[in-house]
Amino acid sequence: MSRFWGWSAVLGLCAMVYWWQPEFFATAYHFIERGDIAGLAAFLRSFGGWSIGITLLLFIVMTFTIVFPFMILSGAAAIMYGILGAVLISWLGEVLGALVMFFFARVCFRKLVAKWIGGSPYWKQVDDYSAANGFKALLIARLLPLAPSGIITAVAAISRISFRDFFLATLLGKFPPVVFKVLIGHDLVYASENMTRLISVVAVVILIYLWLWWRKRKKRLAIEAGKRGCDGE
């Protein structure tokens with residue numbers, strides 16, 4: 001029954017938004033799909049005083065679509081409101097989107113997943129781990145600049161992580177990646193003026209992922225070495 005009301009609420013909200021502005025999503029999709037940051041900024045600016053609310057709405061919608069990068073919308077916000085304003089708006093938008101998706105996924109799917117988990121000792125152990133260590137695991141996932149936010153939120157929602165841990169990990173963990181996305185999105189449009197900063201920020205992101213790859217590889221080699229040592233005894 002809870003899944004029925006959850007789906008009804010989401011579908012009803014989508015219908016209301018579409019009825020309010022039937023061409024809005026088609027136009028926004030056009031700019032986002034093409035990666036036209038400047039075009040998206042001009043479109044959002046056309047809403048005048050409503051532009052901040054419209055931008056926040058797009059952040060929530062994009063959380064559910066999963067496939068589109070927030071960097072395009074964050075870059076558009078930077079063109080409209082400046083770097084600092086865009087960081088605050090993007091941070092708020094991503095957190096709101098994560099909260100909305102968390103409540104929806106938990107209400108609609110948690111009970112169903114819990115029944116399936118109960119039949120598997122392995123997934124039961126994973127579920128228990130999420131309840132005890134969810135904050136740390138989610139915080140690390142959120143800190144990755146290019147991590148798929150919607151997928152991370154959905155996985156957290158169907159786990160046993162508490163809402164408090166989810167909210168705090170999301171609030172803290174999303175801020176650094178938001179800064180990266182705002183700077184990259186903004187500087188892609190004004191690359192001729194900010195090339196040094198753009199290259200520096202992209203280099204930092206690449207170094208983060210190289211460090212993660214190196215750490216994972218080192219850990220895997222250590223495990224393999226330990227297995228070989230046990231086999232030789």
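All of the numbers you see were taken from the coordinates with simple rules; none came from a lab. Note that the structure is predicted; figures quoted are calculated from it, not measured. Note that we place each Cβ from the backbone using ideal geometry, even for glycine, and neighbour counts take in every protein chain shown.
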Practice problem: In whole Hz, with x marking every Gly and Pro, tabulate ³J(HN,Hα) for the stretch 93-100 from phi via Karplus 6.51 cos²θ - 1.76 cosθ + 1.60, θ = phi - 60°. | Solution: x, 5, 5, 4, x, 5, 5, 4
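Using per-residue counts of other Cβ atoms within 10 Å, averaged over each peptide, order 141-147, 187-193 from highest down.
Numbers: 141-147: 17.3, 187-193: 14.4.
The most tightly packed comes first, giving 141-147, 187-193.
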Practice problem: For the stretch 163-178, just list the computed ³J(HN,Hα) in residue order, Karplus coefficients 6.51, -1.76 and 1.60, θ = phi - 60°, integers in Hz, with x standing in for Gly and Pro. | Solution: 4, 4, 5, 4, 5, 5, 5, 5, 4, 7, x, 7, 4, x, x, 4
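Using packing as a proxy for protection, rank 210-216, 160-166 so that the peptide with the highest average count of other Cβ atoms within 10 Å comes first. Intermediate results must be reported in sequence, preceding the final value.
Values: 210-216: 10.3, 160-166: 16.9.
My ranking of the peptides, most packed first, is 160-166, 210-216.
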